[in-house]
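This report refers to the structure that appears directly beneath it.
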Amino acid sequence: MINHGRLEERIQSLGMIGATPEGGVARLSLSKEDREAQMLVSAWMQKAGMEVRVDPAGNLIGRIEGTRREAQPVVIGSHIDSVVNGGKYDGVIGVIGGIEVVQHLHEEGIKPLRPIEVIAFCEEEGSRFQSGLFGSRAMVGAINEQDFELVDQQGMTRREALIQFGLDPKKIKEEVVRRQGAIQAYLEMHIEQGPVLELLQAPIGIVNGIAGPAWVEVTVQGKAGHAGTLPMNMRQDALLGAAQIALLVEDICHAYQDAPVVGTVGHMEVLPGGANTVPGRVVFSVDVRDIDKGRRDEVMRQVKTGAQQICEQRGLGFSWNERLNLDPVECSPSIIDVMKEQSLKMKLQCPLLISGAGHDAQLMAVITEMGMIFVRCKDGVSHNPAEYADIADIALGTELLSRVALHLASQ
C-alpha cells in the first residue's frame, strides 16, 4: 500500500531546502541547495533498498536489482531542481513517488524480474544556465560543447559548476550515455501544470503526447546614454526594441487562435540597468511550444523575421542564438494501454492529455518506450509558490505508477 504520510512528509521536507520567504523554492542545479537535496533524496533511496550513485552529468540514480540482473531496467524519473521561487511539487512528486514505488516493493518483499531505477535528472528546468533538460539530454547523447560553456548569472560555466560539484564532465560520454534498448521503459509522474484535470474533476490523467519546446536567446544592442540629456529622437533604446519583440511573440501566437501554440518571453536582462540610463543592451529568452513541429517552427520563423525588422527600424543590433529545440513526441501506445488497464482496476477514469510543458520523458523517448502520468494541481498553477497538489491525488498517481512499473518490470 502507498504510504500517504510518507509521501507528504518527504514533499514538505524537500520543500524546506531552498525555501523562499514567499513560500516557494529556489533550488538551482549544481548549487549547495541541490547538493543538500541530493543528499536527502539519496538517503531515502538507500532506505528503500537501492544502491545510489551520482553520474558525471549530475543525475542522481537509485537502483534495485531484479531476479534477472542482466535484464534492462524499468526507469522512473523526474527532477528536483526548481525555477527561481517555484513550487514544492514540480518534478519532486515524480522522484518521491518513484522512491515510494520501490520502497513499497522492498517492504513487501516483492522482487520483480527486471531492475528498477529511480532517477532525479540534473537541471530539467534550465533556470541556472538557461538551457534545460541537461541530465536527460546527456543520458541520450544529445549534448555538445556549447552546453558546457553556458554561463550562469555569476559568470560560472556549466563545466566549472559540474567540476565544483565533484563531477568529471569528460566522463559523460563513457559513463552517462545509454544506447537504444538499454532501458526497457521509462515512466514519469508529474503535476499537470495546467487546469484541465481540475476542470474535468479528475485526480490523475494519462499523457499521450508532449509538445516540443524551442528556446532562443535574443540580444538587442542599442546605445546607452543619460536618461536626462539624450533627446528622445536620438535614442537607440534596446529595451523598447525588446519590448516590441515580446509583444510580437504574443501577437503571432494569438493569430493561431484554436491551435495549442504558446509563446513566452520569461527572462530579460537589461544593461547597464540604471534607473537614470537609457538601456544599451537587452538579452532575453523566447520560448515557443506546440505539439505540431511545423507550426511551431513557422511561428519561430515569423518571430525572428519580425524581430529583425523591428531592430532595423529602430537602428538596433540583433542576434538570435538557439538554446533548445526538441521535437514533439508521442507517448508509447503500449504503455498508455497498460495505464488505462491498471487505472480501470483502480476504478478510475483517467482522461488523456497533451503536455504543453517539456519533461525529461521526451528525451528518454529517444531511446526507449515512454509513458507519463499527470496529477491534478490547484488552479493549474505551477512555477509559482502557490503551486499545490493534494496528497490524495499524488497518492493515486503513485499507486498507478506502482502498478504500471511492476507490470512492466515483470515482463
Point to revise | Filter pass, P328 being over 12 Å from G205 (Cα atoms), touching a strand residue (DSSP E or B) at 6+ places or on another chain (Cβ under 9 Å) and free of Cβ contacts under 8 Å to residues at least 24 places away in the same chain | key: no
Check your understanding: What helices (runs of 4 or more DSSP H) lie completely within region 124-195 and have 2 or more residues being at pLDDT 95 or above and over 28 Å from V102 (Cβ atoms)?
Key -> 145-149, 158-164
Review point. Name the residues in region 27-45 that are within 19 Å of the chain's Cα centre (by Cα) and surrounded by 19 or more Cβ atoms within 10 Å (Cβ to Cβ), would you?
Key: R27, L28, S29, L30, E33, D34, A37, Q38, V41
Point to revise | Selected residue [on the phi > 0 side of the Ramachandran plot and in contact with a strand residue (DSSP E or B) (Cβ under 8 Å, 6 or more places away or on another chain)] from L133, L105 | key: L133
Review point. Between residues in region 266-277 that are within 30 Å of S382 (Cβ to Cβ) and residues that are surrounded by 14 or more Cβ atoms within 10 Å (Cβ to Cβ) and hydrophobic (A, V, I, L, M, F, W, C), which pairs lie under 6 Å by C-beta distance while being six or more apart or on different chains?
Key: M268/F284; E269/V283; V270/L239; V270/V282
**Study point:** Unmet requirement for I310, which otherwise passes all of (1) farther than 30 Å from G5 by Cα; (2) modelled with pLDDT of 95 or more; (3) within 19 Å of the chain's Cα centre (by Cα)
**Key:** (3)
Revision key, fill the gap. Taking region 224-271 and the residues there that are of a type in the set (G, A, S) and in contact with a helix residue (DSSP H, G or I) (Cβ under 7 Å, 6 or more places away or on another chain), the one that is nearest to S127 (Cα to Cα) would be G263
Exercise for review: Among the residues of region 46-86, count how many are within 13 Å of the chain's Cα centre (by Cα), in a loop (DSSP other than H, G, I, E, B) and crowded, with 24+ Cβ neighbours inside 10 Å.
Suggested key: 3
Practice item. Quick one: which residue in V262, V278, V288 is within 23 Å of A142 (Cα to Cα) and in contact with a Gly (Cβ under 7 Å, 6 or more places away or on another chain)? Key: V288
Check your understanding: So which residues in region 370-383 are more than 18 Å from L133 (Cα to Cα) and surrounded by 20 or more Cβ atoms within 10 Å (Cβ to Cβ)?
Key -> I373, F374, V375, R376, C377
Point to revise | Test set (1) touching a residue at least 40 places away in the same chain (Cβ under 8 Å); (2) in contact with a Lys or Arg (Cβ under 8 Å, 6 or more places away or on another chain); (3) among the small types (G, A, S); (4) outside the structural domain of V404 (by the TED database) - A259 fails condition number | key: (1)
Revision key, fill the gap. Filter region 251-308 for residues that are within 20 Å of Q130 (Cα to Cα) and among the hydroxyl-bearing types (S, T, Y); the one that is surrounded by the fewest Cβ atoms within 10 Å (Cβ to Cβ) is T264
Check your understanding: When you look at T219, is it without any contact (Cβ under 8 Å) to a residue 12 or more places away in the chain and farther than 21 Å from R295 by Cα, yes or no?
Key -> no
Practice item. Could you please let me know if V92 is crowded, with 23+ Cβ neighbours inside 10 Å, assigned by the TED database to the domain that holds L401, within 26 Å of A392 (Cα to Cα) and more than 12 Å from the chain's Cα centre (by Cα)? Key: no
Practice item. Please indicate, with yes or no, whether at least one residue in region 170-190 is surrounded by fewer than 16 Cβ atoms within 10 Å (Cβ to Cβ), within 30 Å of E8 (Cβ to Cβ) and touching a helix residue (DSSP H, G or I) at 6+ places or on another chain (Cβ under 6 Å). Key: no
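The values are calculated or read from the model by the stated rules, or taken from the named source; none is laboratory data. Small disclaimer: the values here were computed from a predicted structure and weren't measured. So basically every Cβ, Gly included, is an ideal-geometry build from the backbone, and we count neighbours across all protein chains shown.
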